[in-house]
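Chemist: One structure follows; several queries about it will come next.
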Amino acid sequence: MTTRSDAKNKKLELKGKAEVLVGQVVGKAIKAKGVADQVESDLKNAGADLKNAGKDLKKAAQRVKKATKKN
């Protein structure tokens, strides 16, 4: 995951937390939006982690293939 993506996701998470706090004072609609933003951020982070895990798995498979290749 890039630093830019990390920053965008963190911004979204913090925005969501702020909306939850405001929602406690103002109303449930904003609170629900804040929770939704936090969930969106979590899903994006999980997707990025999954993508990175796939890349790591591919690299590991290539190393195994190279190590077992007959010379």
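A short reminder: the numbers here are calculations on the coordinates, not readings from a lab. From a predicted model like this one, the values you see are computed outputs, not experimental measurements. Positions of Cβ are generated from backbone atoms using ideal geometry, with glycine treated the same way; all protein chains shown enter the neighbour counts.
Chemist: Could you grab me the full set of residues in segment 18-71 that are in contact with a helix residue (DSSP H, G or I) (Cβ under 7 Å, 6 or more places away or on another chain), within 25 Å of Thr3 (Cβ to Cβ) and not hydrophobic (A, V, I, L, M, F, W, C)?
Modeler: Residues satisfying the conditions are Glu19, Gly34, Asp37, Gln38, Glu40, Ser41, Lys44, Asn45.
Chemist: State yes or no: is Lys65 loosely packed, with under 14 Cβ neighbours inside 10 Å and either in contact with a strand residue (DSSP E or B) (Cβ under 6 Å, 6 or more places away or on another chain) or among the basic types (Lys, Arg) (or both)? If you could, list the steps in order and put the result at the bottom.
Modeler: Details: loosely packed, with under 14 Cβ neighbours inside 10 Å: yes; either in contact with a strand residue (DSSP E or B) (Cβ under 6 Å, 6 or more places away or on another chain) or among the basic types (Lys, Arg) (or both): yes.
Against the criterion (loosely packed, with under 14 Cβ neighbours inside 10 Å and either in contact with a strand residue (DSSP E or B) (Cβ under 6 Å, 6 or more places away or on another chain) or among the basic types (Lys, Arg) (or both)), Lys65 qualifies.
Chemist: I've got another one for you. Of everything in segment 1-20, what is aliphatic (A, V, I, L, M) and surrounded by fewer than 13 Cβ atoms within 10 Å (Cβ to Cβ)? Give them in sequence order. Show your work before the answer.
Modeler: Step one: list which residues in segment 1-20 are aliphatic (A, V, I, L, M), which gives 1, 7, 12, 14, 18, 20.
Across segment 1-20, the qualifying residue is only Ala7.
Chemist: Just name the residue that is nearest to the chain's Cα centre (by Cα) out of those in segment 1-16 that are closer than 12 Å to Asp42 by Cβ and not hydrophobic (A, V, I, L, M, F, W, C). If you could, list the steps in order and put the result at the bottom.
Modeler: Pass one, segment 1-16, residues closer than 12 Å to Asp42 by Cβ: 9-10, 12-13, 16.
Going one step further and asking which of them are not hydrophobic (A, V, I, L, M, F, W, C), we end up with 9-10, 13, 16.
On the way: Asn9: 7, Lys10: 9, Glu13: 10, Gly16: 14 Å.
So the residue we want is Asn9.
Chemist: Next up: Take segment 37-50 and flag every residue that is over 29 Å from Val22 (Cα atoms) and without any contact (Cβ under 8 Å) to a residue 40 or more places away in the chain.
Modeler: Leu50
Chemist: Report, ordered by the first and then the second residue, all pairs with beta carbons closer than 7 Å, sequence separation of six or more or different chains, a first member in segment 1-18 that is closer than 15 Å to Leu50 by Cα, and a second member that is surrounded by 12 or more Cβ atoms within 10 Å (Cβ to Cβ).
Modeler: What qualifies is Met1/Ala48; Ser5/Ala48.
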